[in-house]
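What follows is a single structure, and I will ask about it in a moment.
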Amino acid sequence: MQKVHAYLKKEYPRFLEELKEYVSLSGVSARGDKQEMRKCAEWLLAHCRALELNATLYQTDGNPVLVATTKNNTAKKPHYIVYGHYDVQPPEPLELWKSPPFTPTVRGGKLFARGASDNKGQHFAHLKAVEAYIKTCTPLPCDITFVIEGEEEVGSSNLSLFLQKNKKMLAADGVVISDTNMPSLKTPAITYALRGIAALEVTLRGSDRDVHSGSYGGSIENPAFALAHLLATLRNKKTGKILVRGFYDGVCVLTAKERKAMHEGGAEDAERYRAFLKVPCLFGEKGFSHIEHTTIRPTMEINGLTSGYQGIGSKTIVPSCASAKITMRLVPHQEPQRVITAVKKHLMAHCPKSVTMEIKSGHGAEPYLFEPNSGEVRAAERAIKRVFGAPPRFIREGGSIPVVTDFKKILGVHSLLIGLALPDDNAHSPNEKFELANFKRGMVLSAELWKELVL
Ligand code: BES
Ligand code: ZN
């Protein structure tokens, strides 16, 4: 084991250069550029093969899935899947980046680049830990299969099919994922709940072209106004409650004791949270704290809103259309399909006759929740304590990792969510970064974890 740790230490400068190369490959799944995604997947394939992993790229209807395993079926060992995603979120707006998103730059012990922490840096740490075992000829306590996909940021719908088709190959004792947050550099965490998601896009159309607002304005509906009114019917502006009939159906209610526990043990106070986000004041569903708003309550967000002229200066038109991208975050026991149906019904009932409406439903994922009291969780707890010098906090988080419920349903195994990202890593924002201290500790943690997972 000493050899493994010495290797991780000695080879670290090279690992950092490799990670920089990895994050310099864009891989924005939302753009739908198959070439771009394949290039990234192929880099990963070559990298895994150089580590003597048995690695294959599987084509799907979307982007390729990389499967790379240490398994050679000689010794019977516990088998764990390490899941990650090589796709990243769009980097826009580009002008807000201090260094370009795909020109990885180290400043103050942090690696800045799109994908640095979400998620390339995090799964790369696991890959390097396995490399250390292989290259020092130290027997791995477990067999490990990396499943790294290219569609997490757009809902992972093809991965679900892939798991169904490859159930046998992927039969495992559990899944380990580093794609979540820890509260701070000093406070590691095990995440035991994630929210689900449901996405849709609504477009309102008036005239078949933008027209002169002086000649025609006033005689026809302005789709931007119609959309603004329509969207306003979705939420009570004072209480923040979502006004869609049936939206809260089935939402699981926590006991007073559980709610109290969520606010103990160093949970961030509201004022610090407000100051971090630089908002004039917090806003959220009445009767719940900001911690609850972002974990145990369902929400609706407008992610993007488009209509009319967006260039410099003015343009006097009545726009022909207006559209909004909307997502809902879901908690147990809401179902994506039912929520989408309810929102569609609401939009149809409230849309004025002066425009036509098109609704496209997008990806969906179910919420995830598990009791963190298994042998695997205890094993992870021991490894985390040793490496971070502090016990993990057990947290619920508001983000989604669609495949975790598929791992449970299809392969019958839970996912151990051990995040190496920080709340201020700027995931999905400009200037995303990964703390190199966490890259290093992540590798050591991974190396230690495989030892502990031999139960
Ligand atoms: N790493 C996140 C998931 C995450 C974020 C977990 C914050 C816990 C806290 C992941 O890459 C992600 O962003 N997922 C998407 C999934 C969606 C597009 C289906 C998300 O949550 O928006
Ligand atoms: Zn993400």
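Considering each of F439, F434 in turn, give the residue that is in contact with a Gly (Cβ under 6 Å, 6 or more places away or on another chain), part of a helix (DSSP H, G or I) and in contact (Cβ under 8 Å) with a residue 12 or more places away in the chain.
On the way: F434 fails: part of a helix (DSSP H, G or I).
That would be F439, the only listed residue that is in contact with a Gly (Cβ under 6 Å, 6 or more places away or on another chain), part of a helix (DSSP H, G or I) and in contact (Cβ under 8 Å) with a residue 12 or more places away in the chain.
Follow-up question, since we're still on this one. Would you point out the residue of segment 131-170, among those that are of a type in the set (G, A, S) and within 19 Å of M37 (Cβ to Cβ), that is farthest from ligand 2 (Cβ to nearest atom)?
Going residue by residue through segment 131-170, those that are of a type in the set (G, A, S) are 132, 150, 155-157, 160.
Then drop every residue that is not within 19 Å of M37 (Cβ to Cβ), which leaves 150, 155-157, 160.
Values: G150: 13, G155: 11, S156: 11, S157: 16, S160: 18 Å.
The selected residue is S160.
So which residues in segment 383-395 are assigned to a strand (DSSP E or B) and surrounded by fewer than 21 Cβ atoms within 10 Å (Cβ to Cβ), if there are any at all? Spell out how you get there, then give the answer.
Step one: filter segment 383-395 for residues assigned to a strand (DSSP E or B), giving 393-395.
Scanning segment 383-395 gives R393, F394.
Hey, among G109, G155, which residue is on the phi > 0 side of the Ramachandran plot, surrounded by fewer than 23 Cβ atoms within 10 Å (Cβ to Cβ) and more than 19 Å from the chain's Cα centre (by Cα)? Spell out the reasoning first.
Details: G155 fails: more than 19 Å from the chain's Cα centre (by Cα).
Just one listed residue meets the conditions, G109.
Out of everything in segment 427-441 that is within 12 Å of P101 (Cα to Cα) and among the polar types (S, T, N, Q), what residue ends up being farthest from ligand 2 (Cβ to nearest atom)?
The residue in question is N431.
Please go through segment 217-236 and give me each residue that is of a type outside the set (V, I, T), surrounded by fewer than 18 Cβ atoms within 10 Å (Cβ to Cβ) and in a loop (DSSP other than H, G, I, E, B), ordered by number.
Selection gives G218, S219, E221, N236.
Yes or no: segment 129-141 includes at least one residue that is of a type in the set (A, V, I, L, M), within 22 Å of P402 (Cβ to Cβ) and surrounded by fewer than 21 Cβ atoms within 10 Å (Cβ to Cβ). Spell out the reasoning first.
In the first step, residues of segment 129-141 are kept if they are of a type in the set (A, V, I, L, M); the result is 129-130, 132, 134, 140.
Imposing the further condition that a residue be within 22 Å of P402 (Cβ to Cβ) reduces the set to none.
The answer is no, given that none of the residues of segment 129-141 is of a type in the set (A, V, I, L, M), within 22 Å of P402 (Cβ to Cβ) and surrounded by fewer than 21 Cβ atoms within 10 Å (Cβ to Cβ).
Given (1) farther than 19 Å from D143 by Cα; (2) out of contact with any His (no Cβ under 8 Å at 6 or more places or on another chain); (3) touching a residue at least 60 places away in the same chain (Cβ under 8 Å), identify the lone condition not met by H85.
(2) is the only condition that H85 fails.
Please work out which residue is nearest to L449 (Cα to Cα), limiting yourself to segment 405-423 and to residues that are within 15 Å of ligand 2 (Cβ to nearest atom) and surrounded by fewer than 24 Cβ atoms within 10 Å (Cβ to Cβ). Don't jump to the end; show me each part of the working.
Start the filter on segment 405-423 by keeping residues that are within 15 Å of ligand 2 (Cβ to nearest atom), which leaves 417, 419-423.
Filter once more, so that each one left must be surrounded by fewer than 24 Cβ atoms within 10 Å (Cβ to Cβ): 422-423.
On the way: L422: 20, P423: 23 Å.
By that ranking, first place goes to L422.
Could you say whether any residue in segment 371-382 is in a strand (DSSP E or B), crowded, with 24+ Cβ neighbours inside 10 Å and modelled with pLDDT of 95 or more? Break it down into steps so the answer makes sense when it comes.
Residues of segment 371-382 that are in a strand (DSSP E or B), as a first pass: none.
No - not one qualifying residue is present in segment 371-382.
Hey, among the residues in segment 73-91 that are more than 16 Å from ligand 1 (Cβ to nearest atom) and within 27 Å of P402 (Cβ to Cβ), which one's surrounded by the fewest Cβ atoms within 10 Å (Cβ to Cβ)? Lay out the reasoning, then the answer.
Taking segment 73-91 and keeping what is more than 16 Å from ligand 1 (Cβ to nearest atom), we get 73-81.
Cutting the leftovers down to within 27 Å of P402 (Cβ to Cβ) gives us 78-81.
Working: P78: 16, H79: 18, Y80: 24, I81: 24.
Step by step, filter segment 73-91, then rank; the result is P78.
On to the next question. Within segment 355-400, can you find the residues that are of a type in the set (S, T, N, Q), away from ligand 2 (no atom under 16 Å from the Cβ) and in contact with a strand residue (DSSP E or B) (Cβ under 7 Å, 6 or more places away or on another chain)? Walk me through how you get there before you give the answer.
Narrowing segment 355-400 to residues of a type in the set (S, T, N, Q): 356, 361, 373-374, 400.
In the following step, the residues that additionally are away from ligand 2 (no atom under 16 Å from the Cβ) were identified as 356, 361, 373-374.
The answer is T356, S361.
Which of the following residues is touching a Cys at 6+ places or on another chain (Cβ under 6 Å) and either within 30 Å of R441 (Cα to Cα) or in contact (Cβ under 8 Å) with a residue 40 or more places away in the chain (or both): P188, P223, P183?
The unique qualifying residue is P223.
Restricting the first residue to segment 400-416 and requiring it to be closer than 19 Å to L330 by Cα and outside any helix (DSSP H, G or I), which pairs with a second residue that is β-branched (V, I, T) and modelled with pLDDT of 95 or more meet a Cβ separation below 6 Å and a spacing of at least six or different chains?
S400/I197; S415/V175; S415/I177; S415/V404
Continuing with this model, one more query. Check every one of the strands (runs of 3 or more DSSP E) wholly within segment 58-126 and list those with 3 or more residues that are within 15 Å of ligand 2 (Cβ to nearest atom).
On the way: elements: 65-69, 79-85, 105-107, 110-112.
Passing ranges, in order: 79-85.
Can you go through H290, H263 and tell me which one is in contact with a Gly (Cβ under 8 Å, 6 or more places away or on another chain), surrounded by 11 or more Cβ atoms within 10 Å (Cβ to Cβ) and free of Cβ contacts under 8 Å to residues at least 40 places away in the same chain? Write out each step before concluding.
Working: H263 fails: in contact with a Gly (Cβ under 8 Å, 6 or more places away or on another chain).
Criteria check complete, one pass: H290.
Within segment 180-216, how many residues turn out to be buried (at least 20 other Cβ atoms within 10 Å of the Cβ), assigned to a loop (DSSP other than H, G, I, E, B) and over 20 Å from the mean Cα position of the chain (by Cα)?
Residues in segment 180-216 being buried (at least 20 other Cβ atoms within 10 Å of the Cβ), assigned to a loop (DSSP other than H, G, I, E, B) and over 20 Å from the mean Cα position of the chain (by Cα): 1 in total.
Could we say that P423 is farther than 21 Å from E366 by Cα and within 15 Å of ligand 1 (Cβ to nearest atom) here? Don't jump to the end; show me each part of the working.
Values: farther than 21 Å from E366 by Cα: yes; within 15 Å of ligand 1 (Cβ to nearest atom): yes.
Against the criterion (farther than 21 Å from E366 by Cα and within 15 Å of ligand 1 (Cβ to nearest atom)), P423 qualifies.
The values are calculated or read from the model by the stated rules, or taken from the named source; none is laboratory data. Because the structure is a prediction, the values reported are computed rather than measured. When we count neighbours, we look across all protein chains shown, and the Cβ atoms used for this are built from the backbone with ideal geometry, even at glycine.
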